[in-house]
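What follows is a single structure, written as structure tokens, with notes after it.
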Amino acid sequence: MKKTKRKIFETSMRLFSQKGYDATSIEEITATVGVAKGTLYYHFSSKEEIFNFLVEEGMKLLKMSMEIKTSKCENTIDKLKAIVLIQLKGIKKYENILTIVMSQVWGNEPRNVLCKEKVIEYINVVQKIIEEGIQKKDIKSCDASILACEIFSLTCSSLIYRRKCEEFEIDKLYAEYEKTLLNKLI
């Protein structure tokens, strides 16, 4: 990604996360980046296109991280542990994009639909891992769809926890999730 496009991307992500999509204007983005509107429009045709690019790229990064890590695991429990850890690390690394996605999953506007679709795509990958684990008898039989949503909900609740607490210790949260959720699947 070119330097200017990256700057627009990062600035937009920060502003959308802090202020919300509706409260962020093209003028504010260009002023913060320090470029003319024409430069922004050279890279993106609209604020909606910037938003869509952020969501597509952000969720793609999270999904790719999960697929890379789980491909190296031998059993389902290890895969689910890797997913939980990736989600927790993702909160630190991708906090702004996750805040944007989670703030926009409700509603029926095109950006809400996009966010829902990307979250559901991610959850479906987790669900498939769970279903394979149930078939192999790596984990107890359960409703794979519900469990996949529960595992994704750890991202949501951990994001809230991060906002609530000054210290965000990934190891501490991971140990708690491992104890209360993951170990019960064996």
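Scan I146, I134 and give me the residue that is farther than 21 Å from K93 by Cα, surrounded by 15 or more Cβ atoms within 10 Å (Cβ to Cβ) and over 14 Å from the mean Cα position of the chain (by Cα).
I134
From the set of residues in region 106-120 that are assigned to a helix (DSSP H, G or I) and under 20 Å from T24 (Cα atoms), which is farthest from the chain's Cα centre (by Cα)?
P110
Being buried (at least 21 other Cβ atoms within 10 Å of the Cβ) and at pLDDT below 95 is the requirement here; does L61 meet it?
No; evaluated as a whole, the condition is false for this residue.
Evaluate region 79-101: report whether one residue or more is within 18 Å of the chain's Cα centre (by Cα) and surrounded by fewer than 13 Cβ atoms within 10 Å (Cβ to Cβ).
Checked against the condition, which is being within 18 Å of the chain's Cα centre (by Cα) and surrounded by fewer than 13 Cβ atoms within 10 Å (Cβ to Cβ), region 79-101 yields at least one hit.
Which numbered condition trips up E169, out of (1) farther than 18 Å from S65 by Cβ; (2) in contact (Cβ under 8 Å) with a residue 40 or more places away in the chain?
In the conditions (1) farther than 18 Å from S65 by Cβ; (2) in contact (Cβ under 8 Å) with a residue 40 or more places away in the chain, E169 misses (2) alone.
Would you mind stating whether K140 is within 10 Å of the chain's Cα centre (by Cα), farther than 19 Å from D171 by Cα and touching a residue at least 40 places away in the same chain (Cβ under 8 Å)?
When the stated conditions are applied, K140 does not pass them.
Kindly provide the set of residues from region 90-141 that are under 17 Å from S12 (Cβ atoms) and of a type in the set (G, A, S), ordered by number.
Within region 90-141, S103 is the sole residue that qualifies.
So that you can scan it fast, the table gives a plain yes or no per residue for (1) among the polar types (S, T, N, Q); (2) more than 15 Å from L154 (Cβ to Cβ); (3) touching a residue at least 40 places away in the same chain (Cβ under 8 Å):
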position	(1), (2), (3)
V33	no, yes, no
T39	yes, yes, no
N52	yes, yes, yes
L62	no, no, yes
I77	no, yes, yes
L80	no, no, yes
G90	no, no, yes
I100	no, yes, yes
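Within region 11-32, how many residues are over 13 Å from K47 (Cβ atoms) and surrounded by 15 or more Cβ atoms within 10 Å (Cβ to Cβ)?
Residues that pass the stated criteria total 3.
The values are calculated or read from the model by the stated rules, or taken from the named source; none is laboratory data. Everything numeric here is computed off the predicted structure, so don't read it as measured data. Backbone-built Cβ (ideal geometry, glycine too); neighbour counts: all protein chains shown.
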